[in-house]
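What follows is a set of notes on a single structure, which appears directly below.
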Amino acid sequence: MNTQFDTFFELSKEEYKQLWKECIFVFDANVLLNLYRYTESTRNQFLKTIKEVEDRIWIPFQVGLEFQKNRLTVIQDQLDSYGKITNTIQKKSAAMLSELDEELKDYKKRHPSLDLSNIKERINSTFQDLISDINKAEEDHPNLMQNDVIWHKINNLFQGKVGEPFDQEDLDEIYKHGEKRYSYKIPPGYEDLKEKKGKIKYFNGLYIKEEFGDLILWKEILKKAKTENKQIIFVTDDEKEDWWEIVKRRVTIGPRFELINEFKSEVGTTFYMYKTHRFLDYAKEYLQSEVDINAIKEIKNFRESQWDKYLSELDSTEKDELIKELKYNDELSEYLNEYINENFTHEEQFDMLSNTSKRILKKRNKSHYNHEYKVGDFVKHKNWETGEVLATAINPNNGLQEITVEFDTVGTKRLLAKYAPIEKLNYK
C-alpha cells in the first residue's frame with residue numbers, strides 16, 4: 001500500500017536530507033519581488049543563502065517574465081507608501097484634535113489653570129515629528145527607478161539559470177489542456193481564473209494567457225526535472241489552495257497531493273514546496289547555512305501583513321464569516337499542533353485533523369473541559385495519561401487559558417485548557 005499511495009506519505013528525515021542535497025531549487029516570481037519589500041539585511045540574508053547553492057538554482061521563463069514585468073510596479077508601490085502613511089497620519093491627527101477640542105471645551109471654564117491649547121499643540125507637534133521622520137525616510141529611500149541594485153543582484157545570480165519559453169504551439173496546447181484541468185479544479189492555477197481570465201501578455205511574438213500563468217510555470221518545472229532527472233524544491237509565497245493542501249482554509253499541510261503525484265508520475269522523483277521563511281529556516285538544518293532568526297521573523301511578519309491586507313479588501317459579511325471561522329481554527333491549532341509532526345503521514349494528519357475537530361466540537365461544552373486550572377492540579381489526558389500542571393497563563397489573542405503540563409509519558413506539553421482532551425483529577 002505504501003508504494004501505491006506514496007503520494008500521501010510524509011518523507012522520512014533521510015529522504016528530506018537527500019532532497020536538499022540533490023534537488024534543484026526553483027523560485028517563484030513573488031519570492032523575488034518580495035525582496036523589494038524587505039529590509040536590506042533580510043534581503044541580503046536571503047540572497048546569501050541561495051548563493052550558497054547557486055549551482056542548483058533555476059527559475060522558469062514564466063517566473064522571469066513575471067518578475068521583470070512587475071518589478072517597477074512593486075518599486076513604485078514602496079515609494080507611494082510614504083505618502084499614504086503621511087496622509088493617514090494627517091487625517092487621523094486632525095480628527096483626533098477636533099474630537100479632543102470638543103471633549104475638553106467644558107474644562108476651559110472649570111480649570112482655568114490648565115493650558116489646553118498647549119496640550120493640543122504638544123499633541124500636534126508629536127504628529128508633525130512623526131511626519132517629518134517619514135519624510136526623512138522617504139528622502140533616504142534608494143532611487144531604484146534609476147539604479148536598481150536589487151535587480152542587478154538578482155540578474156547576476158540567475159544569469160544562465162532561466163528556462164527557455166514554450167513556443168506558441170506548446171502554449172496553445174497548455175491552454176487547451178488547462179481548460180479541462182481548471183474545470184475539475186486540478187492544480188495549479190485555477191484560482192487565477194476569476195481575476196485573470198481574458199488577460200493576455202504579448203512578449204517576443206508569444207500570446208501568453210495570464211490565467212494559465214501558474215500552469216505554464218508548472219509545465220516548465222516538469223520539463224526541467226525530466227530533462228535533468230532531478231528532484232525539485234519550489235519556493236513560493238503564493239498562499240492559494242491551488243498550490244497548497246489547506247485544511248479548513250487555515251492549516252497548511254504541504255504541497256497539493258495532485259502536484260506531488262503528477263510530478264512523481266511524469267518525472268519519477270520528488271517534488272516539495274516551501275514558503276520563503278520556511279526555506280530559510282530549513283536551510284539552517286539541511287544546508288548548514290548561517291541564518292539570522294530576525295530575517296525569518298521579518299519575512300513571516302510580512303506574510304501576516306499580507307493576510308491583513310487581504311482581510312481589509314473583503315466586504316463586511318465575508319470578513320465576519322471568515323474571521324469567525326479562523327478564530328475557532330486558531331484556538332484549535334495549539335492542540336492540533338501537538339499531534340501533527342514529521343513522523344506522521346499526510347493521510348494520518350488528515351484523519352487526526354478531521355477526527356479531533358469532530359471530537360472537540362462534540363466535547364467542548366462538557367463541564368470538565370471548562371475548568372480553570374491552577375499550578376499543582378493533576379490531569380488525565382486521553383492519550384498521554386496523567387500529568388501535573390506546571391504553569392498557567394491567559395492567551396492574549398483569544399482570552400483562553402493555556403496550561404503547561406508535565407506528562408509521565410511524553411514530557412512537557414502546552415495546551416489550550418478549553419479544548420484539550422483532559423480531565424482534572426483533583427477538583428472539588
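Taking 0.36 nm per residue of sequence separation and removing the Cα-Cα distance, the Lys136/Glu210 pair yields an extension gain of 22.7 nm.
Can you check what the net charge comes to around Asp148, using other residues whose Cβ is under 15 Å from the Cβ of Asp148 (Lys, Arg +1; Asp, Glu -1)? Charge balance near Asp148 sits at +3. When region 217-309 is described by a simple charge dipole with +1 on each Lys and Arg Cβ and -1 on each Asp and Glu Cβ, the residue from Ile232, Trp243, Ile293 located farthest towards its positive end is Trp243. Taking label points 7 Å from Cα along the Cα-to-Cβ direction, Thr252 and Glu304 give a separation of 1.5 nm.
Full-extension gain between Lys297 and Tyr82, please, as 0.36 nm times their residue separation minus the C-alpha to C-alpha distance. Don't jump to the answer; show the numbers that get you there.
Values: separation 215, 0.36 × 215 = 77.40 nm, distance 2.31 nm.
Computed gain between Lys297 and Tyr82 is 75.1 nm.
Per-residue packing, averaged as other Cβ atoms within 10 Å, sorts the ranges 69-80, 234-245 into the order 234-245, 69-80, beginning with the highest.
Applying 1/(1 + (r/R0)^6) with r as the Cβ-Cβ distance of Asn118 and Glu388 and R0 = 51 angstrom yields a FRET efficiency of 0.30. In this rough spin-label picture, where each label sits 7 Å from Cα along the Cβ direction, the Asn156-Leu11 distance is 3.1 nm.
One decimal place: the segment Lys264-Asn395 gains 42.9 nm when fully extended, by the rule 0.36 nm per residue minus the C-alpha distance.
Given R₀ = 51 Å, FRET efficiency for Thr412-His177 by Cβ-Cβ distance, to 0.05? E(calc), rounded to 0.05, equals 0.50.
Throughout, read-outs are computed from the coordinates displayed, never taken from laboratory work. Note that the coordinates shown come from a computational prediction; the quantities given were computed from them, not determined experimentally. Positions of Cβ are backbone-derived with ideal geometry, glycine not excepted, and every protein chain shown enters the neighbour counts.
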